[in-house]
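Shown next, in structure tokens, is the structure this report addresses.
The values are calculated or read from the model by the stated rules, or taken from the named source; none is laboratory data. Only a predicted model underlies this, so the values are computations on that prediction, with no experimental measurement involved. Positions of Cβ are generated from backbone atoms using ideal geometry, with glycine treated the same way; all protein chains shown enter the neighbour counts. Each accessible area value is taken on the protein alone, full model and side chains, heavy atoms only, with ligands, DNA and RNA left out. Shrake-Rupley method; radii C 1.70, N 1.55, O 1.52, S 1.80 Å.
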Amino acid sequence: MIMQLSFDLPLAPALGRDDFLVSASNAIAVAALENPHTWPAGKLALIGEAGSGKTHLTHVWAQDVKAVITDARRLNTADIEALASAPLAVEHIEDIAGNPYLERAMFHLHNLTLANHQPLLITGRVEAAHWPIALPDLKSRMQGTPAIRIDAPDDMLLMQVIVKLFNDRGVEVKAPVLDYLITRMERSFAAVHHLVQALDDEALARGKPIGRRLAGEVLDKIAAETP
């Protein structure tokens with residue numbers, strides 16, 4: 001069998017409002033982000049597992065309110081005063097836990113943003129109560145932030161997410177194959193992302209389109225690798 005070379009090229013997912021998929025699992029979060037003036041104390045934490053759409057929804061919100069999106073892991077080199085002067089979204093805060101420099105920077109950014117009466121959106125994989133933040137003042141402020149969760153996806157959303165991820169990669173998959181995948185795959189956002197990448201990689205390596213046979217073999221391989 002002739003194997004084709006495949007390259008792990010960076011993909012640019014579509015992050016516009018029209019590309020965001022709304023269903024019962026995320027409708028409450030969408031509604032909450034559409035009304036930042038209703039957030040208690042002017043801040044909100046958006047919680048959801050990896051691949052749940054937090055980043056996409058954050059970008060939609062940022063486009064709507066002209067907000068800046070920043071990574072908490074890079075706050076040690078950021079201009080805190082400039083960031084706090086406009087609506088702000090901060091991602092990956094749980095990943096700075098235990099870093100005293102980043103925790104202090106986030107503490108000052110939090111306080112200054114709210115003092116400037118700017119809305120503050122925070123994103124995380126789990127609720128703030130589970131973030132092992134060491135700085136007591138930051139920990140209390142994070143745990144006191146109202147939170148909204150993106151729930152586990154239903155079948156309709158899973159299907160929409162699969163189609164979107166394939167579209168982002170420029171790959172067309174027939175409806176019967178999509179139906180086959182939905183009935184057999186693990187039901188989580190992370191599993192969807194892993195499956196789509198595995199299918200695309202295998203199809204590129206074989207130089208074949210994604211059909212039911214290839215889909216079944218990839219699903220079996222993923223199942224065998226799962227502890």
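General remarks:
- Net charge dipole size for the chain [Lys, Arg +1 and Asp, Glu -1 on Cβ; Debye, nearest 20]: 20
- Here the range 80-144 has 55 percent of its accessible surface on carbon and sulfur atoms, given a 1.4 Å probe and all protein chains in place.
- Calculated accessible area for the range 18-99 comes out at 44 Å² per residue, all protein chains present (probe 1.4 Å; ligands, DNA, RNA ignored).
- Within the straight-line cut-off of under 29 Å between alpha carbons, the lysines reachable from residue 139 are 43, 54, 66, sequence neighbours fewer than 8 places apart in one chain being disregarded.
- Unit charges on C-beta of K, R, D, E only; dipole of the range 88-196, Debye: 80
- Sites residue 140 and residue 82, calculated FRET efficiency, Cβ-Cβ separation with R0 30 Å, nearest 0.05: 0.70
- Here the extension length gained between residue 214 and residue 66 equals 48.9 nm, from 0.36 nm per residue of separation less the Cα-Cα distance.
- Net charge of Cβ neighbours under 11 Å - reference residue 52; Lys, Arg +1; Asp, Glu -1: +1
- Helix 54-65 and the longest principal axis of the Cα set of the chain meet at an angle near 50°.
- Taken per residue, the accessible surface of the range 139-223 reaches 52 Å², heavy atoms only and a 1.4 Å probe.
- Principal-axis analysis of the Cα atoms of the chain puts helix 155-168 at an angle of about 80° to the longest axis.
- For the chain, the Kirkwood estimate of hydrodynamic radius, built from reciprocal distances between every pair of different alpha carbons, is 19.3 Å.
- Neighbours of residue 182, meaning other residues whose beta-carbon lies under 12 angstrom from its beta-carbon, give a summed charge of -2 when Lys and Arg score +1 and Asp and Glu score -1.
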